[in-house]
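Novice: Quick one: structure below, then a few questions.
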Amino acid sequence: MNFGLKALLSRTTGTSACVLNIYPNTAVGAKRFIGNRLNNDQTIDYKYFTNVMSKRRRPSMLRELTHVMSRMPPETISFAVGVPNVNTFPFEEINIKLKDGKSIVIGGKDLGTALQYLPSRGFTELIGWLRKLQDHMHGENDWSNTSILVTAGGQEALCNTIEMCMEEGSSVLVQDPVYPAVADLVRPYRPNYLSLPQDKDGIRPDILQKKLEYCIENNMPLPKMLYVNPTGCNPAGVSLTTERKKIIYEIACKYNFLILEDDSYYYLHFLQEDPVSFLSLDTEGRVVRFDSFSKILSSGLRVGFVTGPEPLLRNIELHLQVSTLHASALSQMIIYKMFELVGIEGLLDHFKTVRDFYKVKKTQMIEAVERHLRGLAEWNQPSGGMFLWVKINGINNVYNMALRRCVENNLLVVPGHPFMFLDQESDCSYIRMSYSLATQEQMEQGCARLAEMIRAEKESLKLRSVS
């Protein structure tokens, strides 16, 4: 009998034991050694980071069988899994023509795979390419203790990770302003908010240190995770410097929290060199990194992936087994075929083309705001991403201007309120402007129109204060 199947059918049902049996090269809670990075003798107890609900999860036998079936030889006779017969599907071949004239053809066995259920971890061949990509970009990883899990965009992995760690009243470290979905994810847990303001170089480590010391001095629970969007962050557009990352990582080791590195704009940076990631600095196994193809291949494919310590990713996998089962098999096959067609260097060339596109867009937007908003607003140069974070001078609360006055004049901007981690109901003088879709002409017209809206709003506020 196949080793994995014997393990699956054994009496052991605990998560840790299942990992050891079905993934025999994985040591739950073991030390993590990353290629040529410094080895560290500290052993992390990953159970410390998982909440009660996550600890109660158990493997789905049917999902585990799907994983076992994917590794069985062709002569295997299966009466086990309840999957449909792909021969009943009406599709013969899928042909995708790329803009450079090349084509991706999905047919035969590959089409059968693309139309069928996959193991919850993802398409094995794609994961192999993703490992090579991570090694190429972030340094060699020890894949016996580190894993990759393919998810429905980076958001699914981020959601499942936060839900794995958070408990009622937990302390949580979050950069401020923050990607709104993160605030929405943690809010139901009524957490102790530890917001970390940013300057042009990202989160300030000195403030991080003070927040942690405050928790200790006031007998508050220490945070188990730090959420950070380190490159061209949404909405502020700033990037954490390497020096700050090193200090923050040292603080994470000292105070024993995970770093959730949500780097969806990593390939859209405007820096001289590729950023040094937290993953590349990780010697202890406390970084969970989220990547996404949404900004660089297609947002509609809904494929992202998470890289991190195997024990934590196993917990995320158990969540997937009872929710979405796995990311779209067809989407995973398309991305796998892209890797096969052009290789890592070919994809990186494409990513650079995308980056250059947004860099031009950023320059056009900066020129437009310089022309029309000088004296009315303040902003910093984005170092990556798709957004300009703008402070409107003389208006303490932009809510009415953004959602009424601008909309009535066919101009859409986002008021800064949803990006405020602590209090989305308070006054906010910031707006977020995206330059991803607007043409240069629209940027000029839009910024001129925004200047009119700012002046009109100020005049309205002045009249109200007099009356």
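The values are calculated or read from the model by the stated rules, or taken from the named source; none is laboratory data. Predicted, not measured: the structure shown is a model, and the values here were computed from it. Virtual Cβ from ideal backbone geometry, glycine too; neighbours counted across all protein chains shown. Side chains are part of the model used for accessible areas, which takes the heavy atoms of the whole protein and leaves out ligands, DNA and RNA. Shrake-Rupley method; radii C 1.70, N 1.55, O 1.52, S 1.80 Å.
Novice: Provide the net charge surrounding residue 63, with neighbours chosen by a C-beta distance below 13 Å and charges set as Lys +1, Arg +1, Asp -1, Glu -1. Intermediate values should be presented prior to the final figure.
Specialist: Numbers: positive: 57, 58, 121, 314; negative: 64, 317.
In short, +2.
Novice: OK, next. In what sequence, highest mean first, do 75-82, 222-229 appear when ranked by Cβ atoms within 10 angstrom?
Specialist: The packing order, highest mean first, is 222-229, 75-82.
Novice: Something else: I'd like the distance between the alpha-carbon centres of region 215-287 and region 58-106, rounded to an integer number of Å.
Specialist: 37 Å
Novice: Compute the FRET efficiency between residue 209 and residue 380 as 1/(1 + (r/R0)^6), taking r as their Cβ-Cβ distance and R0 = 35 Å, and round to the nearest 0.05. Walk me through the intermediate numbers first.
Specialist: Working: r = 24 Å, r/R0 = 0.69.
For residue 209 and residue 380, the calculated efficiency is 0.90.
Novice: Which value, in Å² and to the nearest 10, is the accessible area of residue 98 when all protein chains are kept and the probe is 1.4 Å?
Specialist: 40 Å²
Novice: Then there is this: Between residue 196 and residues 5 or more places away or on another chain, which pairs have amide H atoms under 5 Å apart, with H built 1.01 Å from N, and which residues are they?
Specialist: 174, 175, 176
Novice: Follow-up. Roughly how big is the chain's charge dipole about its Cα centre, with Cβ charges of +1 (Lys, Arg) and -1 (Asp, Glu), in debye to the nearest 20?
Specialist: That gives a dipole near 540 debye.
Novice: Then there's this: Apply the Karplus parameterisation 6.51 cos²θ - 1.76 cosθ + 1.60, with θ equal to phi minus 60°, to every residue of region 72-86 and state each ³J(HN,Hα) to the nearest whole Hz, in sequence, with x for glycine and proline.
Specialist: Along region 72-86, the couplings run 7, x, x, 6, 5, 9, 10, 10, 8, 8, x, 9, x, 7, 5 Hz.
Novice: Nearest 20 debye, what's the magnitude of the dipole of region 86-345 about its Cα centre given +1 on Lys and Arg Cβ and -1 on Asp and Glu Cβ?
Specialist: 320 debye
Novice: In whole Hz, what ³J(HN,Hα) sequence does region 109-118 give by Karplus (6.51, -1.76, 1.60; θ = phi - 60°), x for Gly and Pro?
Specialist: Running phi through 6.51 cos²θ - 1.76 cosθ + 1.60 with θ = phi - 60° gives 4, 5, 5, x, 5, 5, 9, 10, 4, 10 Hz.
Novice: Continuing with the same structure: Between the alpha-carbon centers of region 384-402 and region 143-193, tell me the distance in whole angstrom.
Specialist: With region 384-402 and region 143-193 each reduced to a Cα centre, they are spaced 26 Å.
Novice: For region 313-467, calculate the relative contact order in percent as a whole number, restricting contacts to Cα pairs under 8 Å that are 6 or more residues apart.
Specialist: Once divided by the residue count of region 313-467, the mean separation gives 22 percent.
Novice: Picking from 259, 231, 182, whose Cα lies most toward the positive end of the charge dipole for region 86-345 (charges on Cβ: Lys, Arg +1; Asp, Glu -1)?
Specialist: Final value for the positive-end residue is 182.
Novice: Given a 1.4 angstrom probe, I'd like the percentage of the accessible area of the chain that is carbon and sulfur, rounded to a whole number.
Specialist: Within the chain, the accessible surface is 52 percent carbon and sulfur.
Novice: Here's a follow-up. Can you give me the long-range amide H partners of residue 377? Hydrogens built in the peptide plane at 1.01 Å from N, cutoff under 5 Å, separation of 5 or more residues or another chain.
Specialist: 393
Novice: Just one of [x] 35, 29, 23; [y] 41, 28, 20; [z] 48, 34, 20 is semi-axes √(5λ) of the Cα gyration tensor in Å as worked out from the coordinates here. Which one is it?
Specialist: This structure yields the entry labelled [y].
Novice: Next question. What pairs from 246/352; 47/245; 200/246; 99/295; 295/359 go past 19 Å between their alpha carbons?
Specialist: Pairs exceeding the cut-off: 246/352; 47/245.
Novice: Leaving out ligands and nucleic acids, note down the accessible area per residue over the chain with a 1.4 angstrom probe, in whole Å². Before the final figure, lay out each step's value.
Specialist: Working: 21400 Å² over 467 residues.
Roughly 46 Å² per residue, with all protein chains present.
Novice: Same structure, new question: Check which residues have an amide H placed less than 5 Å from residue 241's amide H, if you skip close sequence neighbours.
Specialist: Those lying under 5 Å, H to H, from residue 241: there are none.
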